[in-house]
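Notes follow the structure.
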Amino acid sequence: MKIKFLSVAQPVNSDELVTNFTASVEKDNDFGYEAYTFVEPSQGVSNRIEFNENEINIFAGATTLKLRMNEWILNVFNIQATPNSPVSNFDIWTYLTDFNVSRDNQIDIIEFKYILTTKKEDLDSKIGDYKITLTISK
């Protein structure tokens, strides 16, 4: 199977960032989630996107984002500038605004939109708006 990955990111006060690639993908079902695992070709980083009817988890290398439909979800990142420096925590809030799955005999299309902020329910602290489209060729 192949995945066509399209990400359109609109960071606050910055130009739109588009990531678009095609890669081999593996599909599985784990613990109530439909999951797709693939390697992002420019960085060689393994990615996994798993979802059920109202929740999405994105794993990209050491980074994880949890999204839930119409809910603010706290995602805590541990950041270490150098191997000898202390670890700092950085809070990111996610809010899943749209989520749609369409299927036919040839392809599955998974589309979702979300917001990232640094503070819960505070759009003044918005990092950006994101739209992901996954087109899976069977």
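The values are calculated or read from the model by the stated rules, or taken from the named source; none is laboratory data. In this text, all values refer to a predicted model and were calculated from it rather than measured experimentally. Cβ sites come from the backbone with ideal geometry, for glycine too, and all protein chains shown count toward neighbours.
Of everything listed in (1) out of contact with any Lys or Arg (no Cβ under 6 Å at 6 or more places or on another chain); (2) assigned to a strand (DSSP E or B), the single unmet condition for LYS120 is (2). Of all residues in segment 117-138, which are polar (S, T, N, Q) and touching a strand residue (DSSP E or B) at 6+ places or on another chain (Cβ under 6 Å)? Once the filter is applied, which keeps residues that are polar (S, T, N, Q) and touching a strand residue (DSSP E or B) at 6+ places or on another chain (Cβ under 6 Å), segment 117-138 yields THR117, SER125, THR133, THR135, SER137.
Residues that are within 19 Å of ILE3 (Cβ to Cβ), β-branched (Val, Ile, Thr) and over 12 Å from the mean Cα position of the chain (by Cα) within segment 45-91 comprise just one, VAL45.
From the list GLU71, GLU50, exactly one residue is touching a Phe, Trp or Tyr at 6+ places or on another chain (Cβ under 6 Å), without any contact (Cβ under 8 Å) to a residue 40 or more places away in the chain and among the acidic types (Asp, Glu). Which is it?
Numbers: GLU71 fails: touching a Phe, Trp or Tyr at 6+ places or on another chain (Cβ under 6 Å).
The unique qualifying residue is GLU50.
Does any residue of segment 89-110 turn out to be modelled with pLDDT of 95 or more, of a type outside the set (Asp, Glu), surrounded by fewer than 13 Cβ atoms within 10 Å (Cβ to Cβ) and touching an Asp or Glu at 6+ places or on another chain (Cβ under 6 Å)? Yes, segment 89-110 contains at least one residue that is modelled with pLDDT of 95 or more, of a type outside the set (Asp, Glu), surrounded by fewer than 13 Cβ atoms within 10 Å (Cβ to Cβ) and touching an Asp or Glu at 6+ places or on another chain (Cβ under 6 Å). Look through segment 67-88, keep the residues that are of a type in the set (A, V, I, L, M) and closer than 20 Å to ARG48 by Cβ, and return whichever of them is surrounded by the most Cβ atoms within 10 Å (Cβ to Cβ). My answer is LEU67. Counting only residues that are modelled with pLDDT of 95 or more, over 24 Å from THR19 (Cβ atoms) and part of a strand (DSSP E or B), segment 54-88 holds 3 of them.
Taken over segment 30-45, the criterion of being modelled with pLDDT under 95 and assigned to a strand (DSSP E or B) is satisfied by ASP30, GLU40, VAL45. Selection of segment 92-126 for residues being among the hydrophobic types (A, V, I, L, M, F, W, C), closer than 20 Å to THR19 by Cα and under 14 Å from the mean Cα position of the chain (by Cα) yields LEU96, PHE99, ILE110, PHE112, ILE115, LEU116.
Flag: THR37 does not match the condition of being surrounded by 13 or more Cβ atoms within 10 Å (Cβ to Cβ) and touching a helix residue (DSSP H, G or I) at 6+ places or on another chain (Cβ under 8 Å). Every residue in segment 1-35 that is in contact (Cβ under 8 Å) with a residue 24 or more places away in the chain, under 15 Å from the mean Cα position of the chain (by Cα) and within 24 Å of GLN106 (Cβ to Cβ), please. Correct list: ILE3, LYS4, PHE5, LEU6, SER7, VAL8, TYR33.
Within segment 1-48, the residues that satisfy the criterion of being hydroxyl-bearing (Ser, Thr, Tyr) and under 19 Å from LYS113 (Cβ atoms) are SER7, SER14, THR19, TYR36. Assess whether GLU40 counts as being among the acidic types (Asp, Glu) and touching a Gly at 6+ places or on another chain (Cβ under 9 Å). Answer is yes for this residue.
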